[in-house]
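Structure first, commentary second.
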Amino acid sequence: MSKLTPREVVEELDKYIIGQQDAKKAVAVALRNRYRRELLPVELRDEVIPKNILMIGPTGVGKTEIARRLARLADAPFLKVEATKYTEVGYVGRDVESMIRDMVEISVRMEQKKRLQEVEKKAASYALERLLSILMPQHRKEAVSNPLMAFLGGTVAPQAPPPEPDDEVRLEERREELRDAILRGDLDNKFVEIEVEEELPSMVEVFTGTGMEGMGVDFEKILGGMIPRKKKRRNVKIQEALQILAHDEAQKLIDPEEVKRDAVTKVERHGIIFVDEMDKIAGRERGYGPDVSREGVQRDILPIVEGSTVTTKYGPVRTDHILFIGAGAFHTNKPSDLIPELQGRFPIRVELKSLTRDDFILILKEPENALVKQYAALLATEGITITFTPDGIEEIARLAELVNSQTENIGARRLHTMMEKLLEDLSFEAPECGEGKVAVDRAYVREKLESIVKNEDMSRYIL
């Protein structure tokens, strides 16, 4: 993050999200403040808390996408949750602390992937040596690998007589020839029998007061590896065997305890949680019905956002410096309907604007993952070259705006439905058509979509 200024963060977000400059600026500053905080003295660092953000705007305008792209830029653990899936303690449903546990799981997977990539070359080298030993066993003394094996009746195989010097030289030469053949890929389709450890869950979940996801008992850790791991033999191609053995070697090269420790630290210092549907839990208690616990959910979320310690199976996790980004449409209510304490924990408020026809035109063609680029690439796999003319794109944007005004306004998500309907026949017939070229112009768009748009009764069923 030291390389990205707030202006550069906004420029990166502009590659994928059209408009909403106020929201982009707010998250860019929040991200930069994290970097600034890391440079502070330790005694002051803990005092600087993140300024959580509340995004207000209709669905489909880019709230979730801004938060997701921000997390990718920062290489930070990111979790998107809906506030409506949590219930007050005492009601059936997930408790709010589970969001922290879910984020730690995500962080552990991220850290594992990173460590595995770091040792990838070394693991591949070790895997090749193991495969060569399987294909050409060397003379060596068999030994009992587990101290319990002798107690359980294991025996030590007799030591083979030492090989002659000439035999050793010939064996080494054949081994090198085999190594070269494997590296060239000459033996990829040949089969070999390998022995792999069975992947069994070492963590057994137990019920706790906080729910099933709360804690667990790691029997393997308690017994210290005294019980031998169960192994099974598999007959696989040499190419696949190399991958299996490389993964096995990579797992041995990384320290799982260090992975867990760094994952927890990453959550505490860089985690981002996007809480959607905040407007659905706003409002006062009515004492009955499905909304009975909405204010209770706010009260339960409050200590997590304020800063508390959540117990997970990877250890305690402090939430003081996790960045929370809240979001909601707030059509029928307003942010002031949230309890005052929770409002105070989201000091930065940004309002995202509804998308217009001009925005739709830019969304269709400007971003790096623009829809027209996606559909052109998909159909190109069938040998069909599809081009979207400027007037065709303008017509799609006009009709998307029209349908949004006639039915529910779902923002840019309407473009997905329009594009899918527009190219439905072409996508269906593409494998049988062979190579060809199709120009999507205004006439083509009107032919495929105008009849549906005109029929208001039918347009209700366009999601």
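The values are calculated or read from the model by the stated rules, or taken from the named source; none is laboratory data. None of the values given here were measured: they were computed from a predicted structure. Glycine also receives a Cβ, built like all others from the backbone with ideal geometry; neighbour counts cover every protein chain displayed. Accessible surface areas use protein heavy atoms only, side chains included; no ligands, DNA or RNA. Shrake-Rupley method; radii C 1.70, N 1.55, O 1.52, S 1.80 Å.
The table below gives the values:
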| quantity | calculated |
| --- | --- |
| Mean Cβ neighbour count within 10 Å, used as a protection proxy, ranking 32-43, 321-332, 421-432 highest first | 321-332, 421-432, 32-43 |
| Among 271-280, 127-136, the order from most to least packed when residues are scored by Cβ within 10 Å on average | 271-280, 127-136 |
| For region 319-420, accessible area per residue (1.4 Å probe, heavy atoms of protein chains only), Å² | 46 Å² |
| With every protein chain in place, region 10-101: carbon and sulfur % of accessible area (1.4 Å) | 53 percent |
| Interchain or long-range residues, amide H under 5 Å from Ile384's placed H | Gly436 |
| Other-chain or far-sequence residues with amide H under 5 Å of Arg349's (modelled H) | Leu54 |
| Highest-first arrangement of 365-372, 72-79, 257-264, where packing means the average Cβ count within 10 Å | 72-79, 257-264, 365-372 |
| Accessible area of region 28-129 divided out per residue, in Å², using a probe of 1.4 angstrom | 49 Å² |
